[in-house]
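Working notes for the structure below.
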Amino acid sequence: MELLRLLPTKELRIAAPLAVRPHPFLGFCLREGATRQAGTPVEQRIGAHGYRGAPIPPKSTGGLRIVCLGDSTMYGDSLAEKDTIPAKLEATLRERLPRRKVDVLNAGVLQYSSAETFAAMALRISDLRPDVVVIYEGGNDVAPRLVRPFRSDYAHYRAVWERDYDEGPDRLFEWSSFFVASRWLIGIYPAAQRMDWYTVNPLPPSTANEKEFAFVRSSETQFARNQAATVALARASGARTLLCSPAVDRTKEGPYSWAVRAMDQFRKTQPITAGAQGGIHLDLTEALAGEKDAFRDTVHLTPVGARVVAARLCEEIVKRGW
């Protein structure tokens, strides 16, 4: 019993459903019906359709259907639903185009890299028949580059999630501290906020110099390849594409951080990628550069930043007559 008093049993319990679940082809996806940070101003609800926000209704003739792909920045981590990029984009477009039916789907997923986005476009998004696909990502393509030996499909970094510990008997016995402690002793630590436990391989400790070596030995090539394939799939489904270069707050980590350097590398490839695949490149760096309080951290946006991005996206879509 002494062990039970020493263990952080509150943290070891699954206090709420995990926001992600295993997926046989994508690795993981958002969990239908899950809620993150329940009861807070930034409560994040996942609908029965498996994405954040309201499901897209049946497609109407003459309507404009937009799907926003990306990682936690597009998903709107730390933001209330109304403050996410897709929600603000939908509201702005409906105001600008009052006679047209506009629907915007938030298909951003926590921790997705360009590899998962590509797979999601192929297996889930094409069936929605979007008119426009917006892609805003890059932050989760940095960490795989800090691990050796590097593999271009990120298989050295991503874990194989074989069993969902958020279901079955685990949930039934959550009331038992003895069960929680036993699970911890055999190496299962299913805290609700620890998505890395399921989605990232156990990685050996490495020094800053070792990470620097891994970063230099890798490149932006795999990111460009994944994005090119995603844009090509969008075009094949009949959609126009806005491939966005996400901005970073250089004051948070400094200009020589791996995140800032990687984003600068990605930004150089994206105009070429978009042009080669028939998409449009949109660099959001300038739009956010002079905006005070746009960033929560290096890559995640505040409501102010999301509003600026949504306004810039709306301007581009309307200007092009889409």
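Taken together, the values in this text are just the output of simple stated rules run on the coordinates, not laboratory data. If you're wondering where the values come from, they're calculated on a predicted model, not measured in any experiment. FYI the Cβ positions are ideal-geometry reconstructions off the backbone, even for glycines, and counts take in every protein chain you see.
With axes computed from alpha carbons, what is the tilt in degrees of helix 208-217 against the longest principal axis of the chain, rounded to the nearest 10 within 0 to 90? Once rounded, the angle reads 40 degrees.
Amide H contacts of Leu282: Leu243, Cys244, Ser245, each under 5 Å away and 5 or more positions distant or on a separate chain (H built 1.01 Å from N in the peptide plane; Pro and chain starts excluded). Which stretch or stretches of region 295-322 have amide N atoms under 14 Å from the point lying 7 Å from Arg94's Cα along the Cα→Cβ direction? Once the point is set 7 Å along Cα→Cβ of Arg94, nothing inside region 295-322 turns out to lie under 14 Å by backbone N.
What FRET efficiency comes out for Leu123 versus Glu210 if R0 is 30 angstrom and r is the Cβ-Cβ distance? Round to the nearest 0.05. The value I calculate is 0.30.
Remark: the chain is approximated by an ellipsoid whose semi-axes, taken from the C-alpha gyration tensor as √(5λ), come to 33, 24, 19 Å, largest first.
Around the amide H of Val20, modelled in the peptide plane, lie the amide H atoms of Arg31, all under 5 Å away and 5 or more residues distant in sequence or on another chain. Normalising the average separation of contacting C-alpha pairs (under 8 angstrom, six or more residues apart) by the number of residues puts the relative contact order of the chain at 20 percent. Sorted on the mean count of surrounding Cβ atoms within 10 Å across their residues, most packed first, peptides 127-136, 18-27 read 127-136, 18-27. Rounded to the nearest angstrom and listed largest first, the equivalent-ellipsoid semi-axes of region 188-322 from its Cα gyration tensor are 29, 20, 17. Of the beta bridges in the chain, as assigned by DSSP with both residues counted there, near 30 percent are antiparallel. With 22 Å as the limit on Cα-Cα distance, the pairs of Lys268/Lys292; Lys88/Lys319; Lys101/Lys292; Lys82/Lys292; Lys252/Lys319 that go past it are Lys268/Lys292; Lys101/Lys292; Lys252/Lys319.
When the trypsin sites (Lys or Arg not before Pro) in region 116-156 are filtered for DSSP coil states and for at most 16 other beta-carbon atoms within 10 Å of their beta-carbon, the remaining sites are Arg151. For region 26-43, backbone phi angles converted through the Karplus equation (6.51, -1.76, 1.60; θ = phi - 60°) give residue-by-residue couplings of 8, x, 7, 8, 5, 7, 4, x, 6, 9, 9, 6, 4, x, 10, x, 10, 4 Hz, Gly and Pro being listed as x.
Per residue, the average separation of C-alpha pairs within less than 8 Å and at least 6 apart gives region 263-320 a relative contact order of 22 percent. With each label modelled as a point 7 angstrom along the Cα→C-beta vector, the Ala236-Arg45 pair spans 3.6 nm.
For region 194-269, chymotrypsin sites (Phe, Trp or Tyr not before Pro) are listed when DSSP marks them as loop and at most 13 other Cβ atoms sit within 10 Å of their Cβ; the list is Tyr256. The amide H of Ala159, built 1.01 Å from its N in the peptide plane, has Val200, Asn201 as neighbours under 5 Å, considering only residues 5 or more places off or on other chains. Per-residue 3J(HN,Hα) values for region 236-242, derived from phi via the Karplus relation 6.51 cos²θ - 1.76 cosθ + 1.60 with θ = phi - 60°, read 5, 8, x, 9, 7, 10, 10 Hz in sequence order (x marks Gly and Pro).
Using a 10 angstrom cutoff on alpha carbons, build the Gaussian network for the chain and name the most mobile of Ala310, Ala143, Ala107. Greatest mean-square fluctuation among the candidates belongs to Ala143. Given +1 at the Cβ of Lys and Arg, -1 at the Cβ of Asp and Glu and no other charges, the dipole of the chain around its Cα centre is 720 debye to the nearest 20.
For the chain, the longest principal axis of the C-alpha atoms and the axis of helix 303-319 are separated by about 30°.
Shown in residue order for region 228-233 are the 3J(HN,Hα) couplings computed by the Karplus curve 6.51 cos²θ - 1.76 cosθ + 1.60 at θ = phi - 60°: 4, 5, 5, 5, 5, 5 Hz (x for Gly and Pro). Stokes-Einstein at 20 °C, 1.002 mPa s, Kirkwood radius from Cα pairs: D for region 209-279 in µm² s⁻¹? Approximately 160 µm²/s, per Stokes-Einstein.
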